[in-house]
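*Asks:* Pasting a structure below so you can have a look.
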Amino acid sequence: MRKWLQAWLRRPVMRWAHQHASRPVKERVHEALKELYHQLLHHPGKRGPVIDFDPASDAFIIFSDHHKGAKNGADDFAKAEPTYLAALDHYYERGYHLVALGDVEELWENLFLSVKKHNVPSFTKEGLFVHADRFTKVFGNHDLLWDNDPFAPLYLEQMYGKKLKVYEGLILQTTVNDEQLNIFLTHGHQGDSMSDGNWFSKAFIYYVWAPLQAYLGTNPNTPAYDGALKSEHNKLMYEWVANIKNILLITGHTHQPVFESLTHLERLYKHLGQAILTHDEALIAKLRGEIALRRSEGETVPDFADHKPSYFNTGCCCFEDGSITGIEIAEGSIRLIKWSCENNIHQRTVLEQMELAALVNK
């Protein structure tokens, strides 16, 4: 019966989704970000906390978009799980605060009990941060359950052995160069009229649309799978924060790492230009090879001409090769990092780095 329904319904459902799924609309996205930011700043607690920190001594690691599933063929997190666990060991031992920035659990395609059953190792290690009061969890569009389901507090306590609240965002607040710096973190699906709309639209996504997609095996038109939407979402996020003084915006959602408002592909082009000026032939060849690879994977380059270094994106914890990316804020700097595994050895690589003081000056 299921195969018959998939054969007959998949195409019309996909067609309906492309007709009605909300493309990012600038005004809607910007208004949603503005409203959430002001709620967090002026009424902290309900929708998210404001956390004061010392950039010289406090440390944060921000991961998003794990999409933890049921360890079946559709589980995007399965390949990356060992690397993620190694990264958590590293950050817990060094006193980092872990921020889970949404879409950590894939609850569009899976029941909570299935996800809980098949992801005990990662929930156990995340639980160490929970019990040390070094964990903040934010919901995204694929784990709206944490915002919608009345049993969510019970599920969270089952996962971590302690009560935990899930937020829509948070602000990390500090002083740099005698000026206040607010780092605004949220998943990045704000302004989506379906998953970020009113109660009815959220409930429809959670109780009807997501289960239907899972049953039919469809995955239409989401930024993580649509190259055009990736760049459009990142561009809209950047345009909102670019004209606001002393605010950095960090999101996930697109699975596309961004550092200082430049995607990884854009930064490769930037480094290529520098290598050409210095006649570094080995580096030129390496960069051109990586650019060609990124291009073959469909990655596009949004036009952030005369960009301000105010927007960052974590990337994701479910890359096809089992690697993960994230954003570190530690030792007075902000870093885009990548964790990967080669010859059964997990290694951390700093892809980009900038001191917060220099960032504020820029």
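FYI, it's all coordinate maths here, none of it is from the lab. Computed from a predicted structure; not experimentally measured. We place every Cβ from the backbone using ideal geometry, glycine too, and count neighbours over all the protein chains shown.
*Asks:* With r as the distance between the Cβ atoms of Thr124 and Asp54 and R0 = 22 Å, compute the FRET efficiency 1/(1 + (r/R0)^6) and round to 0.05.
*Replies:* 0.15
*Asks:* So for Tyr167, Tyr311, fewest C-beta neighbours within 10 Å to most, what's the order?
*Replies:* Working: Tyr167 21, Tyr311 26.
Neighbour counts put them in this order, fewest first: Tyr167, Tyr311.
*Asks:* Another one. Using Cβ contacts closer than 10 Å as the measure, can you line up Ser64, Ser231, Ser340 from fewest to most?
*Replies:* Values: Ser64 32, Ser231 22, Ser340 17.
So the ranking, lowest neighbour count to highest, is Ser340, Ser231, Ser64.
*Asks:* Enumerate the aspartates and glutamates that Lys125 could reach by cross-link, defined here as Cα to Cα under 16 Å, with residues fewer than 8 away along the same chain left out.
*Replies:* Leaving aside aspartates and glutamates fewer than 8 places away in the same chain, those within reach of Lys125 are Glu81, Asp89, Glu93, Glu105, Asp133, Glu157.
*Asks:* Considering the zone a paramagnetic label at Ala357 would reach in this model (a point 7 Å from Cα along the Cα-to-Cβ line), which residues of the stretch 152-188 have amide N under 18 Å from it?
*Replies:* 174-182
*Asks:* Amide H neighbours of Val104 under 5 Å, counting only residues 5+ apart in sequence or on other chains, H built in-plane at 1.01 Å?
*Replies:* When sequence neighbours closer than 5 places are left aside, the close amide H contacts are Asp65, His66, His67, Gly140.
*Asks:* From the cross-link list Lys116/Lys362; Lys79/Lys162; Lys26/Lys162, which pairs have alpha carbons spaced over 32 Å apart?
*Replies:* On the way: Lys116/Lys362 44 Å; Lys79/Lys162 28 Å; Lys26/Lys162 39 Å.
In this structure, Lys116/Lys362; Lys26/Lys162 lie more than 32 Å apart at Cα.
*Asks:* Under 1.5 on a/c is rounded, so check that first for the stretch 59-167, then, if it is not, pick prolate when a/b is larger than b/c and oblate when it is not; a ≥ b ≥ c are the square roots of the alpha carbon gyration tensor eigenvalues. Working shown, then result.
*Replies:* Numbers: a/c = 1.64, a/b = 1.18, b/c = 1.38.
It comes out oblate by the Cα gyration axes.
*Asks:* How high is the FRET efficiency from Val350 to Glu27, r the C-beta distance, R0 35 Å, rounded to 0.05?
*Replies:* Numbers: r = 37 Å, r/R0 = 1.05.
Step by step, r from the Cβ atoms, then E = 0.40.
*Asks:* Can you list the aspartates and glutamates whose alpha carbon sits under 19 Å from that of Lys308, skipping same-chain ones fewer than 8 residues off?
*Replies:* List returned: Glu179, Glu232, Glu239, Glu260, Glu266, Glu352, Glu355.
*Asks:* For the cross-link pairs Lys235/Lys270; Lys71/Lys270; Lys71/Lys338, which exceed 28 Å when the distance is taken from alpha carbon to alpha carbon?
*Replies:* Working: Lys235/Lys270 18 Å; Lys71/Lys270 39 Å; Lys71/Lys338 23 Å.
Pairs exceeding 28 Å: Lys71/Lys270.
*Asks:* Something else about it: For the stretch 82-96, take each phi angle, set θ = phi - 60°, evaluate the Karplus expression 6.51 cos²θ - 1.76 cosθ + 1.60, and give the result in whole Hz per residue in order, putting x for glycine and proline.
*Replies:* x, 5, 4, 4, 5, 5, 4, 4, 4, 6, 5, 5, 9, x, 6
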